[in-house]
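Heads up, the thing below is written out as structure tokens.
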Amino acid sequence: MTGAFDDLLAANEKYASTFSHSGLTGRAARGLAVVTCMDSRIDPLGLLGLTAGDAKILRNAGARVTDDVLRTLVLAVYLLGVNRVLVMPHTDCRMSKSTDEDVHNLLAEEHGIDTRSLEFQTVPDQPAALRHDITRIKSSPYLPKDLVVGGALYDVHTGRLQPIEL
């Protein structure tokens, strides 16, 4: 694994030379799971005042509560100390600027691949999608009814969170 990853391996050597997290257990020390987007402008630990070990961070395109996110939340709640979940999509999200059909067409035209068997779960109405995803967590038969679930839209231009009420 060299060549294209040399910069990363060098950075890891530097990181490992002062590594101080060996005492962490893998449990969420602050009892928090955050569902957010894969957007590289988002630093979930930093923007929430957290550090390594404080929370479970689940990322995907659009910060959607998919079946895999629900599966991961079940494990996080029952095995890893999570007792609250924040769903946190963001402004200026590529997933909120297209429909699934748009994405399928773009990928077919520009890259020659047929992605119609995939659901990209684009987000034309972010507040509505966020409310839906919060409801999906709260109504899951696999999660405790007293699990605290909230939602907020992260503004990538200001760094601020805007809570979204159900």
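The values are calculated or read from the model by the stated rules, or taken from the named source; none is laboratory data. Bear in mind the structure is a predicted one, so any value in this text is a computation, not a measurement. Neighbour counts are summed over all protein chains in view; Cβ atoms, including those assigned to glycine, are modelled from backbone coordinates with ideal geometry. These area figures cover heavy atoms from the full protein model, side chains too; ligands, DNA and RNA do not enter into them. Shrake-Rupley method; radii C 1.70, N 1.55, O 1.52, S 1.80 Å.
Summary table
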item	result
Kirkwood Rh and Cα Rg combined as Rg/Rh, the stretch 84-166	1.07
Over the stretch 28-91, volume per residue of the alpha carbon convex hull, in Å³	72 Å³
Relative contact order for the chain, counting Cα pairs under 8 Å that sit 6 or more residues apart, in percent	22 percent
Whole-Å semi-axes of the ellipsoid equivalent to the stretch 82-123 (Cα gyration tensor, √5λ, descending)	27, 13, 7
Evaluated at q = 0.10 Å⁻¹: base-10 log I(q)/I(0), Debye formula over Cα of the chain	-0.46
Straight-distance crosslink candidates among lysines, where the alpha carbon sits under 24 Å from Lys56 and sequence neighbours closer than 8 are dropped	Lys138, Lys145
For the chain, the longest site-free run once GluC sites (Glu not before Pro) in DSSP loop states with at most 15 other Cβ atoms within 10 Å are removed	1-118
Protein accessible area in the stretch 1-144, 1.4 Å probe - carbon and sulfur %	55 percent
Per DSSP, loop chymotrypsin sites (Phe, Trp or Tyr not before Pro) in the stretch 1-73 with at most 13 further Cβ within 10 Å	Phe5, Phe19
